[in-house]
Each structure stands twice: as structure tokens, then as C-alpha cells.
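Q: So that we are looking at the same thing, I have put the structure below in C-alpha cells.
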Amino acid sequence: MRTALIALAAVTSAAAVAPAAPAAAQSAEALADVRCVLVLGVAARDPNQKQAAFQGTYYYLGRIDGRGLKPKLEALMKAEGKNIPGPDQLKAELTRCGGELRQRATDLQTTYQHLQAEAEAAKPAPAQ
């Protein structure tokens, strides 16, 4: 956790010298996604969390890219790093992001189950 906070402090320190952040023009949802990229990057430093954290990071990067924010990602990360100043905020963001990821996984599993059920129902009855 200490190294995670040091890494986050580095991002926050870099934000202090960054030019005016474009964050104000972004939606709250987009900024929340950027915070998820930040905290999942920190979580990926734990070997036990690395794979899941990277998978979650890709999900949030896809959302960010889908909003056309890829060119602004670095500036957004610097700006949003200020909103995660300590371990309590880090934990809260990880909890929020993890909950969103679990919900998306549940939604996808439900969709797969519905598709499988429809495919089974569409199969012709065996000839007798």
C-alpha cells in the first residue's frame, strides 16, 4: 500500500506542474473512468491482483477511448490524481471500480445465458 501511495503521489505531484487541466469540460462519468484507470494501475502492482487489474484497466480505457478522450488521457490522469490523495480515497475508488466491473461481468454472463437458452429453444426436435 505504501508503494501504491508513493506512485499516486508522483502522479499528483506531476499534476501540480501541469497546465490547466481539461477535466472541467469532461463528464463526471468520464472522470470516474479515469480515476479507475489510476487506481487499477496501482492495484496491478500487487502480483495477486495484477491480471484482474489489467483487465479492468482495459475496460475503462475502452470507455475513455469511446468518448474520444484518448488524446487527453495523460492530462486527465494528472488532474484526477489530485482527487485520490490518500489510502481512504484509493480504497473507495477501488471499491467503486471493482463493483462496476463485477456488474458488467454479471450482465455479460446473463446475456450469454439468454443467448444459449434461445439457441437451445431454436434447435429442431430430434426425429423419432
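All of the numbers you see were taken from the coordinates with simple rules; none came from a lab. Keep in mind the model is a prediction, meaning the values are calculated, not measured. Glycine gets a Cβ as well: all are built from the backbone with ideal geometry, and neighbour counts include every protein chain shown.
Q: Sort the following peptides by mean Cβ neighbour count (other Cβ atoms within 10 Å, averaged over residues), highest first: 117-127, 49-59, 97-107.
A: By packing density, highest mean first, the sequence is 49-59, 97-107, 117-127.
Q: Would you calculate the separation in nanometres between label points at Gln55 and Ala121, each defined as 7 Å from the Cα along the Cα-to-beta-carbon direction?
A: Taking the two extended label points, one gets 2.9 nm.
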